[in-house]
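The values are calculated or read from the model by the stated rules, or taken from the named source; none is laboratory data. Note that this is a predicted model, so its numbers are computed, not measured. As a convention, Cβ positions derive from the backbone with ideal geometry for all residues, glycine included, and neighbour counts pool all protein chains shown.
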Amino acid sequence: MSATTKPFAIDKWQVYEAYQAVKANAGAAGVDQQSIEAFEQDLKGNLYKIWNRMSSGSYFPPPVKAVAIPKKNGGVRILGVPTVADRVAQMVVKRVIEPELEARFLPDSYGYRPGRSALEAVAVTRQRCWQYPWVLEFDIKGLFDNIDHVLLLRALKKHVKCEWAMLYIKRWLTAPLQHADGTLEERTKGTPQGGVVTAMRQKTRKLNYRNRTDLSLADIARLHNPLLRGWLEYYGKFCRSAMYPVLRHFNKTLVAWAMKKYRRLKGHKIRAARFLEGLAEKQSYLFVHWQRGMVGAFA
């Protein structure tokens, strides 16, 4: 079937741009255990498969991997992790419907919106605190778990005119959850929250640099400075001291690396800590947090 005879007009560039956005977001593998790196081994074939199925109306999402995350107040929250291919398909639809829906949202809505973040919400709240001596906080209990599919689709239909986008949204809403033991849970309501592992934690784990004695300190700085800079500018924007525990942990991991890297420091934690403290003073340009005077403790 040629592209001109496909039931739905979806361009291949839409699928490719969706893949680029998914890659930038990183994320874990789904039920097929396929990572983004594995997906890229046959990138052209995988993207063609997604385009071919979506444009012909024959794309059906695989089960969503269920991941249980403990809540602070007890219990667990179920996060749904789609496969990489399914995330690409979802991104295609997201990029189509987002402009239509964005125009409908209220100015004070900040969650899950392009170009907006929690930082903006905090900034507005901070400003208004000077005008009002109170803050009202509330939450809708079990919102994601109990969303009525009929009502949600009815609301979307009012604003989304793309036929194929609505078709795939319906299919995603009812895609089953696959639990760790392999059992499938059918869904008649709710939509699972997608789980996202922070880029810093994921990349640090992948690198495991405390054991990488082949790396220099400059190598470690080059690999981690973009992540550290992002953390400082986001989480430390309004309260710099909130970042101190994270930075202390990072510095202590550097100490563990130095003890394995340099023979003279092996088994000497205090000596390794003093060595790095000296470097932080003389070569503060190495790490972003050192440059900003947030050296913290090493020992």
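Report yes if R128 is out of contact with any strand residue (DSSP E or B) (no Cβ under 8 Å at 6 or more places or on another chain) and surrounded by fewer than 14 Cβ atoms within 10 Å (Cβ to Cβ), otherwise no.
Yes, satisfied.
Taking the stretch 212-257, which residues are part of a helix (DSSP H, G or I) and free of Cβ contacts under 8 Å to residues at least 24 places away in the same chain?
Residues of the stretch 212-257 part of a helix (DSSP H, G or I): 217-234, 240-257.
Correct list: D219, R222, L223, P226, E233, S241, A242, P245, V246, H249.
Does any residue of the stretch 28-44 turn out to be hydroxyl-bearing (S, T, Y), under 24 Å from A175 (Cα atoms) and modelled with pLDDT under 95?
yes
Condition first: more than 32 Å from the chain's Cα centre (by Cα) and in a loop (DSSP other than H, G, I, E, B). Now tell me which residues in the stretch 276-299 satisfy that.
The answer is Q283, and nothing else.
For the stretch 32-64, which positions are closer than 11 Å to A85 by Cβ and β-branched (V, I, T)?
If the condition is that a residue be closer than 11 Å to A85 by Cβ and β-branched (V, I, T), then I36, I50 are the ones that fit.
Only one residue in A165, A121, A155 is within 27 Å of S55 (Cα to Cα), of a type in the set (G, A, S) and either touching a His at 6+ places or on another chain (Cβ under 7 Å) or surrounded by 14 or more Cβ atoms within 10 Å (Cβ to Cβ) (or both). Which one?
Step by step, each of A165, A121, A155 is checked, and only A165 is within 27 Å of S55 (Cα to Cα), of a type in the set (G, A, S) and either touching a His at 6+ places or on another chain (Cβ under 7 Å) or surrounded by 14 or more Cβ atoms within 10 Å (Cβ to Cβ) (or both).
How many of the residues making up the stretch 244-275 are closer than 12 Å to V295 by Cβ and under 32 Å from the mean Cα position of the chain (by Cα)? Break it down stepwise before answering.
Applying the first criterion (closer than 12 Å to V295 by Cβ) to the stretch 244-275 yields 244, 247-248, 250-251, 254, 273.
Those left that are additionally under 32 Å from the mean Cα position of the chain (by Cα): 244, 247-248, 250-251, 254.
Of the residues in the stretch 244-275, 6 are closer than 12 Å to V295 by Cβ and under 32 Å from the mean Cα position of the chain (by Cα).
Right, Q127: under 18 Å from the mean Cα position of the chain (by Cα) and of a type in the set (S, T, N, Q) or not?
Taking the combined requirement at face value, the residue does not satisfy it.
Could you tell me whether W290 is surrounded by 17 or more Cβ atoms within 10 Å (Cβ to Cβ), free of Cβ contacts under 8 Å to residues at least 24 places away in the same chain and of a type outside the set (S, T, Y)?
Taking the combined requirement at face value, the residue satisfies it.
Which helices (runs of 4 or more DSSP H) does the stretch 66-171 wholly contain that include 1 or more residues that are more than 22 Å from A18 (Cβ to Cβ) and modelled with pLDDT under 90?
118-128, 143-146, 149-159
Checking H249 against (1) surrounded by 14 or more Cβ atoms within 10 Å (Cβ to Cβ); (2) assigned by TED's automatic domain parsing to the domain that holds Y234, only one condition comes out false. Which one?
(1)
Just give me the residues in the stretch 106-118 being surrounded by 13 or more Cβ atoms within 10 Å (Cβ to Cβ) and within 20 Å of H159 (Cα to Cα), in sequence order.
Y110, R113
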